[in-house]
1. Quick check on segment A:354-377: of everything there that is within 28 Å of residue A:334 (Cβ to Cβ) and part of a loop (DSSP other than H, G, I, E, B), which residue is nearest to the other protein chains (Cβ to nearest Cβ)?
2. What number of residues in segment A:407-424 are out of contact with any strand residue (DSSP E or B) (no Cβ under 7 Å at 6 or more places or on another chain) and hydrophobic (A, V, I, L, M, F, W, C)?
3. Looking at segment A:414-464, which of the residues that are hydroxyl-bearing (Ser, Thr, Tyr) and away from chain B (no Cβ under 14 Å) is farthest from residue A:204 (Cα to Cα)?
4. Please go through segment A:440-452 and give me each residue that is modelled with pLDDT under 95 and not hydrophobic (A, V, I, L, M, F, W, C), ordered by number.
5. Filter segment A:275-303 down to the residues that are hydrophobic (A, V, I, L, M, F, W, C) and touching a helix residue (DSSP H, G or I) at 6+ places or on another chain (Cβ under 9 Å) and list them by number.
6. Consider residue A:196 against the criteria (1) touching a Lys or Arg at 6+ places or on another chain (Cβ under 8 Å); (2) part of a helix (DSSP H, G or I); (3) more than 17 Å from residue A:358 (Cα to Cα): it satisfies all of them except one. Which criterion is unmet?
7. Do we have residue A:6 as within 19 Å of the chain's Cα centre (by Cα) and within 19 Å of residue B:48 (Cβ to Cβ) here?
8. Considering only segment A:22-33, I want to know if a residue exists there that is surrounded by 15 or more Cβ atoms within 10 Å (Cβ to Cβ), within 22 Å of the chain's Cα centre (by Cα) and more than 12 Å from every other protein chain (Cβ to nearest Cβ).
Amino acid sequence: MIDGSVFLRRELMIRFVRAFNNGSLETELDRFPVEMRPRQGNSSRCCIYHDRAVIKYRLMNLLGFSCEEETDEARTLASYYREAMTREKPADITGRLPLSVCEAGCSECPSSQVVITGNCRGCFSRPCMYNCPKGAISVVNQVSTIDYTKCIKCGKCTSVCPYHAIVKTTVPCETACPTGAIHKDNDGHTRINGEKCISCGKCFAKCPFSAILERSQLLDVLKALKNGEKVVAMLAPALMSQDAGPIEQLFTAVSRLGFTDVIEVALGAEETTAAEAAEFREKMNAGEKLMTTSCCPAYVELVRKFIPDFRQYVSTTPSPMVFAAGIARRKHPGCKVVFVGPCVAKRVEACRNGIDWVLSFEELFAMLAGKNIDVISCEPWPIPRPAIDRARNFAKSCGVTEAVISELGGFADDFKLEAKAIDGIDRKTVTTLKMYASGKLPANFLEVMCCQGGCVNGPCSLRK
Amino acid sequence: MKKMQLEICCGTTCYMLGANRLLNIENEMPSDLRGKTDVRALPCMGLCNEKELAGAPYVKLNGHVIENATAEKIYAKMRELLEA
């Protein structure tokens, strides 16, 4: 059984696409919340009315609006739909975030704290009390008690209690966020701080209420295809690790959606490899100490927002997505390009680099489901020039490094390559990067991937 | 004994809504049920159109349709058929 919140997200996407294809989306949108949570039915939250409100806001995001933009609570989804259908291009998200918190969906989890549960037996050895570095625990009426004015939430007591009677509660989105961008405002509502958020999507993936929503461009792509525009789908290499079928059949399935052409982003990765290796050789031969990869957009955002001085070490080579868009546009002049991947931060990078749209794997598969296209029933697509394996491996941690190393292999250089990788960005990453910059950690080639394991484990992965 | 036929719908809708988790079910079955089924992945059976989208993933066990299929529901139906 899949996660209930993942189920709801995908179910809504499929219904959305089906209704669009039937030409009835405008009239059905406002009925969805009621049809999906009818009066006699079960609710996933306190009541069907709460569920309906959450469904409404999710639909708003699917239409490309964030809940925070709502000014009139009574405005119908049909009205948002009409606005979305007249926009030339999706809302510019530079300076704004692709992610937002859906207030109706957020459970407003209490702030993280250490709690003594009813399992405390008031034991005689009292390890919690003796191990507390701040003297915050005392025993009152045979039960351990925490003085919250002293507690620093270090959690030592939780690990020493022989009865596992002390727990540290967490707020999943705050814990997942590697940059401390999630906080509660004065009203107790969870907010994402635009100055700190790097759009990595870790909160989106970890919230058990699925209350963090992604501003979608699904409708914009559906509309362009329906209007017969020339659109090329660029499939990220991570798609091959989604257990979704052989790539040749996936290509056929995607082309049936009406795209002018389907290309592998891995072809762009081949160009990135060559350019990255050339840039590295040039920099090292010029006596520079360190160069890092730049294909992970969440990492690039991290540097931009937290350690601008470090930017000199980040390679200036365009990402596979940008190169792939070049390939698509040379082959089909005047076409629009849509990147399909497992990444939230790519939406930010796409916006900065003139990529028309970004879809998640989930959105692409909802489009397939909406047209009843089964990957396993599709004929294999004769890919004219398949990307080489090392380029397809970009989506896995160390894939970029391996590709660059093999590209460098043919040259005899004076410098010695010392490659290291940061596999997954967390709260310590900024410090680690500074140590590489100062030379305390040795390396001259550093690969940084925000998602542990690489893009294959991206927040919008299908493997859930 | 004749093996039970377990057909898992792998249409894109069912795949997205959980069928991808059921494809390995044979290896995860409790010992009393293991080896008693032939598992097959089928293209879309059309049930998400005829019946309800939110009933996905659909599977059929000896022709009996199981909605919102989970491993537990499949095991329960298998035991029911074995006892009958």
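1. A:373
2. Of the residues in segment A:407-424, 4 are out of contact with any strand residue (DSSP E or B) (no Cβ under 7 Å at 6 or more places or on another chain) and hydrophobic (A, V, I, L, M, F, W, C).
3. Of segment A:414-464, the ones hydroxyl-bearing (Ser, Thr, Tyr) are A:429, A:431-432, A:436, A:438, A:461.
If we keep only those that are away from chain B (no Cβ under 14 Å) as well, we get A:429, A:431-432, A:436, A:438.
On the way: A:429: 20, A:431: 24, A:432: 25, A:436: 30, A:438: 33 Å.
So the residue we want is A:438.
4. A:440, A:442, A:444 - these are the residues of segment A:440-452 that are modelled with pLDDT under 95 and not hydrophobic (A, V, I, L, M, F, W, C).
5. Those that are hydrophobic (A, V, I, L, M, F, W, C) and touching a helix residue (DSSP H, G or I) at 6+ places or on another chain (Cβ under 9 Å): A:275, A:277, A:278, A:280, A:290, A:291, A:295, A:296, A:298, A:300, A:302, A:303.
6. Result: residue A:196 fails condition (2) only.
7. Numbers: within 19 Å of the chain's Cα centre (by Cα): yes; within 19 Å of residue B:48 (Cβ to Cβ): yes.
Yes: the conditions hold for residue A:6.
8. First pass over segment A:22-33, keeping only residues surrounded by 15 or more Cβ atoms within 10 Å (Cβ to Cβ): A:25-26, A:28-30, A:32-33.
Restricting the remaining residues to those that are within 22 Å of the chain's Cα centre (by Cα) gives none.
No.
The values are calculated or read from the model by the stated rules, or taken from the named source; none is laboratory data. This is a predicted model, so every value here is computed, not measured. Neighbour counts run over all protein chains shown; Cβ positions are idealised from the backbone, glycine included.
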